[in-house]
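I have placed the structure first, in the form of structure tokens, so that the comments after it can refer back to it.
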Amino acid sequence: ATSAWIKNQPMRLAAHALVDAMTNTDYGIGLETTRLGGGDLIALRDEGWEFNGRFDNQVTAWEALSQMARAARSQPYMQGGVMRVATDRDGKLPVAMFTMRNMVKGSFVIDYIPPNEESADIVAVNYYDQDLWRQRTIAVKWDGTDADVDDTETTVDLFGVTDREAAY
């Protein structure tokens, strides 16, 4: 059940890999193409995000989809029996206006979680460099933070990402 829009295409684009894993009946989920959120995947394809990973151990189909989508700053999800992909991108977000007139009294609650000494100041991003053929790590520091000996670091592994710009 290969979709016509990816037939005979190199499997470098994350969107193509996702569609293949979603529709392939041999090693994928085996969904019909009518059960794919095509608009989400076409937008992801047009953005050009690449996935250059190879699965050489057993993982669940959902874990494979999640890892492929993560290389494109996305996450798969099911909505009403349709597989969709949510992508983190710049753009306008839908907004709603709440006032005292359209809210139930006492129902509005906000829980702020301010940064503390355990919050990460630096993110160490691991990816496989396509030019050096080895794993590289880049440190990403939040804007406006000063270098400090006591910086707290967290690590993110970007499986399938082979370009420094995509990792950053």
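Data table
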read-out	value
Residues (farther than 16 Å from GLY39 by Cβ and either at pLDDT 85 or above or aliphatic (A, V, I, L, M) (or both)) located in segment 82-100	ASP88, LEU93, VAL95, ALA96, MET97, MET100
Residue under evaluation MET100, criteria (1) in contact with a Lys or Arg (Cβ under 8 Å, 6 or more places away or on another chain); (2) more than 29 Å from GLU47 (Cβ to Cβ), criterion not met	(1)
Contacts under 7 angstrom Cβ, first residue in segment 144-157 being assigned to a loop (DSSP other than H, G, I, E, B), partner modelled with pLDDT of 75 or more and open to solvent by 90 Å² or more (accessible area, probe 1.4 Å), 6 or more apart	THR152/GLU118
Total residues in segment 30-56, condition open to solvent by 70 Å² or more (accessible area, probe 1.4 Å), touching a residue at least 24 places away in the same chain (Cβ under 8 Å) and assigned to a loop (DSSP other than H, G, I, E, B)	1
Pairs with Cβ under 9 Å, 6+ apart, first in segment 113-134 and open to solvent by less than 20 Å² (accessible area, probe 1.4 Å), second in a loop (DSSP other than H, G, I, E, B) and acidic (Asp, Glu)	TYR127/ASP163; ASP129/ASP163
Members of segment 1-28 found to be out of contact with any Gly (no Cβ under 9 Å at 6 or more places or on another chain), surrounded by fewer than 17 Cβ atoms within 10 Å (Cβ to Cβ) and at pLDDT 90 or above, listed by number	THR25
Residue within segment 30-43 that is basic (Lys, Arg) and at pLDDT 90 or above present	yes
SER66 under 16 Å from LEU158 (Cα atoms) and in contact (Cβ under 8 Å) with a residue 60 or more places away in the chain	no
Answer residue from segment 62-84, given it is within 24 Å of TYR128 (Cα to Cα), among the hydrophobic types (A, V, I, L, M, F, W, C) and surrounded by 15 or more Cβ atoms within 10 Å (Cβ to Cβ) and is farthest from the chain's Cα centre (by Cα) among those	ALA64
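The values are calculated or read from the model by the stated rules, or taken from the named source; none is laboratory data. This structure is a prediction, so every number in the text was calculated from the model and none was measured. Note: ideal-geometry Cβ built from the backbone for every residue, glycine included; neighbour counts use all protein chains shown. With ligands, DNA and RNA removed, areas are computed over all heavy atoms of the protein, side chains included. Shrake-Rupley method; radii C 1.70, N 1.55, O 1.52, S 1.80 Å.
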